[in-house]
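Take a look at the structure below.
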Amino acid sequence: PAAHEVTRAYQIVRHPHPRACHLLELAGFPVEEGSAGGLVDGPFLMSIMDIRESVEDAESPAVLRRLFEENNGRMEESCRGLEAHFGRDDFETARKKTAELSYWVRIDEELRERMDEI
């Protein structure tokens with residue numbers, strides 16, 4: 001394989017979200033780009049909106065660190081859940097949990113951007 005293929009493969013297996021997407025695709029349960037919203041429920045989306053608002057309103061590094069740690073906990077919990085669902089070949093639930101993880105990853109990115117701003 002070419003070096004760029006090896007690099008791409010490494011990036012996929014290194015990070016939980018692309019790894020889960022790849023495993024789901026291999027199993028025939030792909031998560032299409034932009035379809036995450038259709039895989040999560042209303043209360044989950046409301047909690048995402050609340051968290052994003054907290055990130056936007058954060059005015060100190062300490063608050064951002066707390067939000068960052070809370071989000072890391074959510075991402076770790078999602079990864080543990082994904083591992084269990086993949087282990088049971090429960091791909092439909094894994095799709096939903098992968099969609100949820102995509103939101104946690106985006107919040108992680110938003111938090112990192114805000115930390116750079118403050």
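The values are calculated or read from the model by the stated rules, or taken from the named source; none is laboratory data. The model shown is predicted, which means the values in this text are computed figures rather than measured ones. FYI the Cβ positions are ideal-geometry reconstructions off the backbone, even for glycines, and counts take in every protein chain you see. These area figures cover heavy atoms from the full protein model, side chains too; ligands, DNA and RNA do not enter into them. Shrake-Rupley method; radii C 1.70, N 1.55, O 1.52, S 1.80 Å.
One table, with the values for the structure above:
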read-out	value
Sparsely packed trypsin sites (Lys or Arg not before Pro) within region 69-118, loop by DSSP, other Cβ within 10 Å at most 15	Arg88
Calculated SAXS-style log₁₀ I(q)/I(0) at q = 0.13 Å⁻¹ - the chain, Debye, Cα scatterers	-0.57
Point-charge dipole on Cβ atoms (K/R +1, D/E -1) for the chain, about Cα centre, debye to 20	440
Solvent-accessible area per residue for the chain (1.4 angstrom probe, square angstrom)	64
Carbon plus sulfur fraction of accessible area for the chain, probe 1.4 Å, in percent	52
J(HN,Hα) series, region 35-41, from Karplus relation 6.51 cos²θ - 1.76 cosθ + 1.60, nearest Hz, glycine and proline x	9, 4, x, x, 9, 10, 8
Leading residue at positive end of dipole, region 1-95 (Cβ point charges), from Phe91, Tyr10, Pro43	Tyr10
Rg and Dmax of region 68-118, Cα atoms only, in Å	12.8, 43
Length added when fully stretched, Arg66-Glu92, from 0.36 nm per residue minus Cα-Cα	6.1 nm
Region 1-97: GluC sites (Glu not before Pro) falling in loop per DSSP and having at most 16 other Cβ within 10 Å	Glu32, Glu33, Glu59
Sum of side-chain charges, Phe29 neighbourhood, beta-carbon under 11 Å (Lys, Arg +1; Asp, Glu -1)	-3
Electrostatic dipole magnitude of region 1-57 [Cβ: Lys, Arg +1; Asp, Glu -1; Cα centre; debye, to 20]	400
Mean separation of Cα contacts under 8 Å, 6 or more apart, over the residue count of the chain: relative contact order %	36
Crossing angle, helix 16-27 versus the chain [Cα axis fit, 0-90 degrees, rounded to tens]	30
